1. Could you give the length gained on full extension between residue 58 and residue 306, defined as 0.36 nm per residue of separation minus the Cα-Cα distance, in nm?
2. Considering only DSSP beta bridges with both partners in the chain, what is the antiparallel share in %, to the nearest 5?
3. Could you state the number of Å between the C-alpha centres of the stretch 170-231 and the stretch 7-24?
4. Can you give me the Kirkwood hydrodynamic radius for the stretch 157-218, using every pair of distinct Cα atoms, in Å to one decimal?
5. Taking the convex hull of the Cα atoms, report for the stretch 38-103 its projected area averaged over all directions, in nm².
6. Given a Förster distance of 25 Å, report the FRET efficiency between residue 179 and residue 32 from their Cβ-Cβ distance, rounded to the nearest 0.05.
7. Send over the per residue convex hull volume for the stretch 29-188, Cα only, as a whole number of Å³.
8. Among 140, 177, what is the fewest-to-most ranking by other Cβ atoms within 10 Å?
């Protein structure tokens, strides 16, 4: 008999007093409850932590912490380090879980022992929690679905358009997190890097037929910051993924269709020059973290940002 896997939900909270009650309510109303809830406030300036305390105060399996601002990847890593379950579900404080998310994940883990990472279909809502059926985010998910359907190459499709969308959509094993060295020091793409590591070193199940989360699109989404900085990080993560996965990105036959998909991907991203440079130098760096530090170094920023915006 396979035992039901334990799942810890970790919630990095930062200036989301407006959203945190909906986020936590989506955890507390799961059809298959979390074994543990770990919330860390990352130096918020609003009263979100107080609201979270009020909601979780009487739950013995919930733990809350406050810290000076350290960034999303550090906060998630600290919360996971505190947690104790076999699997980790991240919930960013502006998103919500679908009611059956943890139940669905537990069923998948039991059917697929050893699966490293699970992600489902994301829904989209606006700042007020209203479901969206049209708009920029819906178009983005549509393009991503079309590329995946046309190519049949899920890892390349994720590099083309990250349709997993957010760490809130990812449930993963503690063993995978340990092997990855945690989430890497990236402001915009720590989720995509972790996905690519999972493909290269473990196994990924994309539960595309079931909605797992609802992603909130609003003006303060981190990804809406400086576009050139975002694109440099994307280029670094893609270069690392190509370096680590190599031909595993493609079908076993390495057919003409694979080349066509890759060329389409390169045209879509428009990052070819910087990708070539990053791949050429990657072997110089002993770790992913060291490479990402170099890619984000302020001394190189002007040149890298010019390369991705030309």
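1. On the way: separation 248, 0.36 × 248 = 89.28 nm, distance 5.23 nm.
Full extension from residue 58 to residue 306 adds 84.1 nm.
2. Among the beta bridges of the chain, antiparallel pairing accounts for roughly 25 percent.
3. 17 Å
4. So the Kirkwood estimate lands at 12.5 Å.
5. Details: hull surface 20.2 nm².
The orientation-averaged projected area of the Cα hull of the stretch 38-103 comes to 5.1 nm².
6. In this case the efficiency is close to 0.45.
7. So the per-residue Cα hull volume is 145 Å³.
8. 140, 177
Any read-out appearing in this document is the output of simple, stated calculations on the displayed coordinates, not a laboratory observation. No experiment lies behind these values; they were computed from the predicted model shown. All Cβ positions, even for glycine, are placed from backbone atoms using ideal geometry, and neighbour counts span all protein chains on display.
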